[in-house]
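The values are calculated or read from the model by the stated rules, or taken from the named source; none is laboratory data. For clarity, every value in this text was computed on a predicted model and none was experimentally measured. Counting neighbours? That spans all protein chains shown, and the Cβs are built from the backbone with ideal geometry, glycine included.
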Amino acid sequence: MKECESVGRYIGEIHRASCIYFSKQFNKFGIGSGQYLFLLNLYKNEGLTQEELTERLKLDKATTARAIKKLEDEGYVERVKKETDRRAYNLKLTEKANGIREDVYSIMNQWESRIKSCLNEEESDKLVELLEKLSNSSLIRKEVKNE
């Protein structure tokens, strides 16, 4: 039991540290630590709907709605009615969002470098492999869907 508790504790500590880091870094853009993931996903897949983002990020609909509203209010995202379903909206990045794209990726890369700085390449690769395995496990998928 002690081993399970320590895994959760360490994951929690890393998560909290990342939230603090991202909050400080993204604050200058008016973006909170909760919105940058949405921007990243839209940079890779512009035009997704809120529902698609919710599913990709494994979050609940209300969290996605709040994050998109904040990004919209800050001028980073626009909702465009979907041509095939007039009740749904595609999310389009604005010039403002595209103007900070390199900054967003730079912040992400800096965090990645900081996280991996105490690991050698083999350890780093193994860590990513194990975290991906955990994230993709049926247990994690089941818990996220049941939230």
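With respect to (1) surrounded by 11 or more Cβ atoms within 10 Å (Cβ to Cβ); (2) at pLDDT below 95; (3) acidic (Asp, Glu), the lone exception for Asp103 is condition (2). One residue alone among Glu123, Glu51, Glu83 is exposed (fewer than 13 other Cβ atoms within 10 Å of the Cβ), closer than 30 Å to Val7 by Cα and of a type in the set (D, E, K, R), and that residue is Glu123. Among the residues of the stretch 23-48, those identified as under 14 Å from Lys70 (Cβ atoms) and in a helix (DSSP H, G or I) are Ser23, Phe26, Asn27, Phe29, Tyr36, Leu37, Phe38, Leu39, Leu42.
Remark: pairs (first residue in the stretch 29-50, under 10 Å from Val104 (Cβ atoms); second residue modelled with pLDDT of 95 or more and assigned to a loop (DSSP other than H, G, I, E, B); Cβ separation under 6 Å; 6+ apart in sequence or on different chains) = Phe29/Ile100.
Among the residues examined, Phe22 does not qualify as among the aromatic types (Phe, Trp, Tyr) and more than 12 Å from the chain's Cα centre (by Cα). If the condition is being assigned to a helix (DSSP H, G or I) and within 19 Å of Phe26 (Cα to Cα), then the stretch 58-91 contributes Thr63, Thr64, Arg66, Ala67, Ile68, Lys69, Lys70, Leu71, Glu72, Asp73. Contact annotation: residue pairs with Cβ atoms under 8 Å, 6 or more positions apart or on different chains, pairing a residue in the stretch 5-23 that is under 16 Å from Leu127 (Cα atoms) with a partner that is surrounded by 12 or more Cβ atoms within 10 Å (Cβ to Cβ) and not aromatic (Phe, Trp, Tyr), are Ile14/Ile115.
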